[in-house]
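The values are calculated or read from the model by the stated rules, or taken from the named source; none is laboratory data. This is a predicted model, so every value here is computed, not measured. Here the Cβ is made from the backbone with ideal geometry for all residues, glycine too, and neighbour counts use every protein chain on show. To get the accessible areas, we keep the full protein, side chains included, count just its heavy atoms, and leave off ligands, DNA and RNA. Shrake-Rupley method; radii C 1.70, N 1.55, O 1.52, S 1.80 Å.
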Amino acid sequence: MKLLRYFCTILILLSFILLITGCAENRTTQKEDDLKIEGYILEVDEGRILVAEGMTSEQYETLKYKTLQELDNESISLFYLSYEDTSGLRKGYKVDVWMDGEIDLSNPAQAGAKKIELK
């Protein structure tokens, strides 16, 4: 009788532990690649650039002369990215951008860039 009670107690505790670990939130940190986007530069200003994410070169060619309002109607992900040295960047460059910190989800989204690599 004691053995059965002991076995049931162990079984209940193990079930409870499995339930808690299965429902626990995944709290892993984001990898550096999770904050990376690829796209084309649409505007270059001093200290910031406008990047359209996930475009093909054909899409860029059809959209490169559109205004920000017209691009908004195209459902394209746009990011204004602040960056210290924009002197080597030009409109039309395809880039990989690693973002730094949080992303402001305004339209277009805004964030800081810690690294920009030409493709």
Going by amide H atoms built from the backbone, whose H comes under 5 Å of the H on LYS115, apart from near neighbours? TRP98
I'd like the Karplus ³J(HN,Hα) series for region 35-47: coefficients 6.51, -1.76, 1.60, θ = phi - 60°, whole numbers in Hz, and an x wherever there's a Gly or Pro. 9, 10, 10, 10, x, 10, 6, 9, 9, 10, 10, 5, x
With +1 assigned to the C-beta of every Lys and Arg and -1 to the C-beta of every Asp and Glu, and no other charges, what is the dipole magnitude of the chain about the Cα centre in debye, to the nearest 20? 860
With every protein chain kept in place and a 1.4 Å probe, the chain has an accessible area per residue in Å² of 75
Any idea how far apart GLU38 and ASP96 come out in nm if each label point goes 7 Å out from Cα toward Cβ? 0.8
To the nearest 10 degrees, how steeply does helix 2-23 sit against the main Cα axis of the chain, on a 0 to 90 scale? 10
Between LEU105 and LEU3, 0.36 nm times their residue separation minus their Cα-Cα distance comes to what? 30.8 nm
Taking a 18 Å limit on the Cα-Cα distance, which of the listed pairs LYS94/LYS115; LYS36/LYS114; LYS66/LYS114 fall beyond it? LYS66/LYS114
Could you check how much of the accessible area of the chain is carbon and sulfur, as a whole percent, using a 1.4 Å probe? 53
Jot down the per residue volume, in cubic angstrom and as a whole number, of the convex hull over the alpha-carbon atoms of the chain. 152
